[in-house]
Amino acid sequence: MKDLFISETLNKIGEKVRLLGWVNSVRSHGNLIFFDLRDRSDIIQCVVLKNSPALEIAKEIKEEDIIEITGEVKQREEKLFNPKILTGKIELLVDEIKILSKAKILPFSIEGDGYDINEEIRLKYRYLDLRRKRLQKNLINRHQVILFIRNWLNQRGFIEIETPILTKSTPEGARDYLVPSRLHKGKFYALPQSPQQYKQLLMIAGIERYFQIARCFRDEDSRGDRQPEFTQLDLEMSFIQRDDILNLIENLFIDLVKNLYPQKKITKIPFPRLTYNEVIKKFKTDKPDLREDKNNPNELAFCFIIDFPMFEVLEDGSLNPMHHPFTQPKLKDEKFNKEKIINKLKHNPLELLSEQYDFVCNGYEIGGGSIRTTNKDILIEVFKVLGHQEQDIYNKFGHLINAFDYGVPPHGGIAPGLDRILMILENEANIREVIAFPKTGEGRDLMMNSPAEVEINQLNELGIEIKLNKEDSD
Ligand code: ASP
């Protein structure tokens with residue numbers, strides 16, 4: 001293991017150290033060679049003097065070669081200080097170099113922010129693009145944000161529980177990714193669009209406060225800023241009401257910004273809670289951008305949107321839940337009344353509001369959630385409004401409906417999308433910039449070259465035959 005990162009050399013003046021890293025640049029003056037060594041933490045200037053035993057090998061090193069060096073850490077003369085790097089007051093007097101791995105010339109420069117480089121090339125060589133400082137910073141900050149959330153929720157009695165990736169279709173409004181089963185030919189798992197039903201079942205299991213940094217999969221048509229797989233902070237709580245969830249999320253984000261992004265200013269605390277009708281009327285969108293100064297990259301205007309309609313009408317005239325079918329329907333200006341809700345579901349479903357809430361920041365929807373229906377009759381009626389036959393409902397959702405019979409605590413949750421939140425916090429224009437290995441807008445991984453064809457015997461094992469239309473082959 002390496003003994004120290006470059007940033008740690010600062011307090012080693014006068015000592016002999018061993019460093020490992022990448023050659024960032026080389027400046028050769030014949031028998032005097034300067035090069036910068038880079039590792040994840042920083043860059044340090046290294047000097048090979050003409051009488052150094054390392055001079056011959058120093059002549060061979062090129063940018064991006066990976067090397068091991070030893071030498072003495074020296075204070076630089078004051079006039080040679082470089083304020084641009086952390087280690088700008090020191091340099092390393094090299095007496096030994098070992099080349100661990102040679103590097104070809106990179107297909108693009110990793111200096112600077114890289115926004116002007118063709119993104120397809122950056123994605124093809126993502127492992128090189130990730131050497132870029134900006135992207136390393138994004139990954140490190142992503143790690144810090146997730147770590148902060150985990151600790152914060154842990155301190156408040158939440159436990160993180162993993163739920164399956166190979167599962168059964170859950171309706172979250174998108175198409176499922178399907179995984180064929182070899183042992184049960186003709187049957188498929190679905191990748192989770194979210195852990196929705198599992199987290200509700202965890203409430204029935206008595207977990208009370210659950211969270212997960214959860215990967216979600218949705219097969220949606222390409223829209224620039226969407227990813228087929230993305231990460232949510234998925235959360236569910238029992239014995240709560242809507243405002244408990246909103247207060248929790250509000251406090252989490254205030255603390256997160258204060259601790260990790262102190263340069264950012266939150267426009268309004270408490271976060272405004274606006275009704276759907278109000279924002280549609282005033283801003284013509286349910287994702288209003290409430291920043292006071294939209295040119296200020298350090299402003300965060302969080303708000304919650306509440307009182308959504310339960311259903312929307314699709315182009316073909318069918319009804320769709322605004323959030324998902326597990327959301328509790330709500331009467332306008334009236335307390336919860338099961339009979340009245342069922343009556344509305346049967347006769348005027350469009351008049352129902354719901355216990356859905358969205359979390360919005362700077363004009364982006366960064367999360368959504370709801371208080372859930374815990375009444376089996378209401379849930380079945382909601383599915384009927386959505387066009388399911390009774391038998392069909394039991395086939396698809398019997399596990400949840402039957403579980404309600406064994407006692408179900410009142411519960412609700414939310415799922416802020418971490419990629420989008422990080423994009424806003426890092427002032428990036430695209431979520432791909434905060435994901436280590438993102439896919440293109442068309443769902444391709446240009447580095448791994450996926451999706452890809454598979455061997456014919458793999459298909460045979462699964463009992464699958466591929467039918468391609470002319471327009472499908474590319
Ligand atoms: N499962 C929902 C979603 O992914 C969030 C929730 O209702 O908690 O949008």
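For region 455-474, a residue qualifies if it is of a type outside the set (A, V, I, L, M) and not in a helix (DSSP H, G or I), and the qualifying residues are E455, G463, E465, K467, N469, S473, D474.
Those residues that are among the aliphatic types (A, V, I, L, M), in contact (Cβ under 8 Å) with a residue 60 or more places away in the chain and within 16 Å of the ligand (Cβ to nearest atom), I need them from region 287-309; list them, please. Selection gives I306 alone.
So is I97 surrounded by 15 or more Cβ atoms within 10 Å (Cβ to Cβ), more than 19 Å from the chain's Cα centre (by Cα) and not in a helix (DSSP H, G or I) or not? Give the derivation first.
Working: surrounded by 15 or more Cβ atoms within 10 Å (Cβ to Cβ): yes; more than 19 Å from the chain's Cα centre (by Cα): yes; not in a helix (DSSP H, G or I): yes.
Judged against the criteria, I97 is a match.
Tallying residues that are within 16 Å of the ligand (Cβ to nearest atom) and either β-branched (V, I, T) or touching an Asp or Glu at 6+ places or on another chain (Cβ under 7 Å) (or both) within region 413-440 yields 5.
Among the residues of region 63-88, just one is touching a residue at least 60 places away in the same chain (Cβ under 8 Å), more than 36 Å from the chain's Cα centre (by Cα) and either within 25 Å of R132 (Cβ to Cβ) or crowded, with 19+ Cβ neighbours inside 10 Å (or both), namely V73.
Mind checking which residues of region 186-218 are touching a Gly at 6+ places or on another chain (Cβ under 8 Å) and either of a type in the set (A, V, I, L, M) or away from the ligand (no atom under 13 Å from the Cβ) (or both)? The answer is G186, I204, E208, R209.
Being under 27 Å from I305 (Cα atoms) and out of contact with any Ser or Thr (no Cβ under 6 Å at 6 or more places or on another chain), is that true of even one residue in region 387-409? Taking every residue of region 387-409 in turn, none turns out to be under 27 Å from I305 (Cα atoms) and out of contact with any Ser or Thr (no Cβ under 6 Å at 6 or more places or on another chain).
Contact map, region 452-474: residues that are touching a residue at least 12 places away in the same chain (Cβ under 8 Å) paired with residues that are in a helix (DSSP H, G or I), Cβ distance under 9 Å, separation 6+ or inter-chain. Pairs shown: I464/Q458.
Applying the criterion of at least 3 residues that are under 26 Å from the mean Cα position of the chain (by Cα) to the strands (runs of 3 or more DSSP E) found wholly in region 289-349 leaves 302-306.
Scanning for something under 30 Å from E355 (Cβ atoms), within 32 Å of the chain's Cα centre (by Cα) and surrounded by fewer than 20 Cβ atoms within 10 Å (Cβ to Cβ), does region 445-453 turn up at least one residue? Break it down into steps so the answer makes sense when it comes.
Filtering region 445-453 down to residues under 30 Å from E355 (Cβ atoms) leaves none.
The answer is no; no qualifying residue exists.
Within region 150-185, the set of residues being within 16 Å of the ligand (Cβ to nearest atom), among the polar types (S, T, N, Q) and more than 19 Å from the chain's Cα centre (by Cα) comprises T167, S169, T170.
Residue-level check: of (1) in contact (Cβ under 8 Å) with a residue 24 or more places away in the chain; (2) part of a loop (DSSP other than H, G, I, E, B); (3) surrounded by 14 or more Cβ atoms within 10 Å (Cβ to Cβ), E60 misses just (3).
What residue, among those in region 365-403 that are among the aromatic types (F, W, Y) and more than 16 Å from the ligand (Cβ to nearest atom), is surrounded by the most Cβ atoms within 10 Å (Cβ to Cβ)? Explain how you work it out, then say what you get.
Filtering region 365-403 for residues among the aromatic types (F, W, Y) gives 383, 394, 397.
Remaining after also requiring more than 16 Å from the ligand (Cβ to nearest atom): 383, 394.
Working: F383: 22, Y394: 15.
Among them, the one singled out is F383.
Of the residues making up region 2-24, those that are surrounded by 15 or more Cβ atoms within 10 Å (Cβ to Cβ) and part of a strand (DSSP E or B) are V17, L19, L20, G21, W22, V23, N24. If only residues of region 258-294 that are loosely packed, with under 14 Cβ neighbours inside 10 Å and under 14 Å from I424 (Cα atoms) are counted, the one that is modelled with the highest pLDDT is Q263.
With surrounded by fewer than 20 Cβ atoms within 10 Å (Cβ to Cβ) and among the aromatic types (F, W, Y) as the only criterion, which of F359, F437 stands out?
Details: F359 fails: surrounded by fewer than 20 Cβ atoms within 10 Å (Cβ to Cβ).
Exactly one residue qualifies, and that residue is F437.
The values are calculated or read from the model by the stated rules, or taken from the named source; none is laboratory data. All values reported here derive from a predicted model rather than from experimental measurement. Cβ atoms come from the backbone with ideal geometry, glycine included; neighbour counts cover every protein chain shown.
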